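The values are calculated or read from the model by the stated rules, or taken from the named source; none is laboratory data. Model, not experiment: these values are computed from the prediction. Because the Cβ atoms are built from the backbone with ideal geometry, glycine has one as well, and the counts that use them run over all protein chains shown.
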């Protein structure tokens, strides 16, 4: 078996409109496709990341809350690589997003910081 790359990351949100705004307007991810699945009362929004990766944003009625942040079993966080960590931090702050302080990875010496999406999913921004 040979794995070529990550195909997509799936995220379930509690408030579709709020999360759609966050991922498309705040983070600026372009929409590839959007569908409403009436039989599941569920939206599915495909978002592009630099033409290579994709986030699938799902809504379902009454999804359970995340049990802890970020140490719950399962996906710990999503990390996005950016060219300028300081500018990214400032831009998100200008948009009213609560950003943790910029830190330095002790192993790579690269700078990074975290924010949370509307449902509290930790999102990391990591210096290229």
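Taken residue by residue, the stretch 23-32 has no member that is in a loop (DSSP other than H, G, I, E, B), more than 17 Å from the chain's Cα centre (by Cα) and assigned by TED's automatic domain parsing to the domain that holds residue 6. Scanning the stretch 23-52 for residues that are touching a residue at least 40 places away in the same chain (Cβ under 8 Å) and farther than 20 Å from residue 116 by Cα yields one hit, 52. Only a single item in (1) at pLDDT below 95; (2) within 18 Å of residue 19 (Cα to Cα) is not met by residue 50, and it is number (2). Filtering the stretch 4-22 for residues that are part of a loop (DSSP other than H, G, I, E, B), assigned by TED's automatic domain parsing to the domain that holds residue 120, in contact (Cβ under 8 Å) with a residue 40 or more places away in the chain and more than 16 Å from residue 121 (Cα to Cα) leaves an empty set.
Taking the residues in the stretch 8-20 that are closer than 11 Å to residue 55 by Cβ and surrounded by fewer than 16 Cβ atoms within 10 Å (Cβ to Cβ) as candidates, determine which candidate is modelled with the lowest pLDDT. Checked the stretch 8-20; the qualifying residue modelled with the lowest pLDDT is 8.
Selection within the stretch 27-54: residues that are in contact with a helix residue (DSSP H, G or I) (Cβ under 7 Å, 6 or more places away or on another chain) and crowded, with 16+ Cβ neighbours inside 10 Å. The member of this set that is nearest to residue 125 (Cα to Cα) is 29. Checked against the criteria, residue 23 does not count as in contact with a helix residue (DSSP H, G or I) (Cβ under 7 Å, 6 or more places away or on another chain), surrounded by 10 or more Cβ atoms within 10 Å (Cβ to Cβ) and modelled with pLDDT of 85 or more.
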